[in-house]
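The values are calculated or read from the model by the stated rules, or taken from the named source; none is laboratory data. Treat the numbers as computed from the prediction; the structure is a model and nothing was measured. Positions of Cβ are backbone-derived with ideal geometry, glycine not excepted, and every protein chain shown enters the neighbour counts. For accessibility, only protein heavy atoms count, side chains too; no ligands or nucleic acids. Shrake-Rupley method; radii C 1.70, N 1.55, O 1.52, S 1.80 Å.
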Amino acid sequence: MTNLNWNDLRYFLALVDSGSLTAGARRLKVEHTTVARRIEALEEALGLRLFERLQRQWKLTPEGENLLDGARRLEQEALALERAAAGAAPLAGTVRISAPPVIASHLLVPQLGFLRQCLPGIALEVVGESREVNLT
């Protein structure tokens, strides 16, 4: 096994889940030739034939079936890594809180000091009003 490109596993899983080059390409927002090329590169790197090329679909070979669970686990780990990286980025922006005036001034505002210390990139706006508001 040489030169395995981990990104090719995305193409492998998209093709497995969709069953055809065209549907897999649509899912990944690429051309179907790109999917075919990436699958061929993956097969070459692994030294295995992963799919039977049928007229209108690509069907997993037994070797492809054996790799499917591992590929799904790697995908889940990669997604978890992306989520962790996104969570590591500092939060920034405006958060607007609307509540009836008594609740806003007596319950919410006294508690927001700690939140401001924990999230310095967040600008808090507290609006004390009693009317209904459309959140969209």
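Odds and ends about this structure:
- Restricting segment 54-67 to residues that are out of contact with any strand residue (DSSP E or B) (no Cβ under 7 Å at 6 or more places or on another chain) and outside any loop (DSSP other than H, G, I, E, B) leaves a set whose member that is least open to solvent (accessible area, probe 1.4 Å) is LEU67.
- Residue ID - farthest from GLU82 (Cα to Cα), chosen from residues in segment 9-41 that are surrounded by 20 or more Cβ atoms within 10 Å (Cβ to Cβ) and free of Cβ contacts under 8 Å to residues at least 40 places away in the same chain: LEU21
- Residue within segment 45-53 that is at negative phi, part of a helix (DSSP H, G or I) and either out of contact with any strand residue (DSSP E or B) (no Cβ under 6 Å at 6 or more places or on another chain) or among the aromatic types (Phe, Trp, Tyr) (or both) present: yes
- Some residue of segment 96-113 being of a type in the set (Lys, Arg), touching a helix residue (DSSP H, G or I) at 6+ places or on another chain (Cβ under 7 Å), open to solvent by 80 Å² or more (accessible area, probe 1.4 Å) and not in a helix (DSSP H, G or I): no
- Among the residues examined, GLU77 qualifies as within 30 Å of LEU119 (Cα to Cα) and open to solvent by 40 Å² or more (accessible area, probe 1.4 Å).
- Per-region count, segment 80-95, residues outside any loop (DSSP other than H, G, I, E, B), touching a Leu at 6+ places or on another chain (Cβ under 9 Å) and either without any contact (Cβ under 8 Å) to a residue 24 or more places away in the chain or exposed (fewer than 10 other Cβ atoms within 10 Å of the Cβ) (or both): 1
- Any pair with Cβ under 9 angstrom, 6 or more apart, that starts in segment 109-136 at a residue that is without any contact (Cβ under 8 Å) to a residue 60 or more places away in the chain and under 13 Å from ARG96 (Cα atoms) and ends at one that is assigned to a loop (DSSP other than H, G, I, E, B) and open to solvent by 50 Å² or more (accessible area, probe 1.4 Å): ILE122/LEU91; ILE122/ALA92; ALA123/ALA92; VAL127/VAL133; GLY128/PRO100; GLU129/PRO100
- Residue in segment 5-19 that is farther than 21 Å from GLN76 by Cα and in a loop (DSSP other than H, G, I, E, B) present: no
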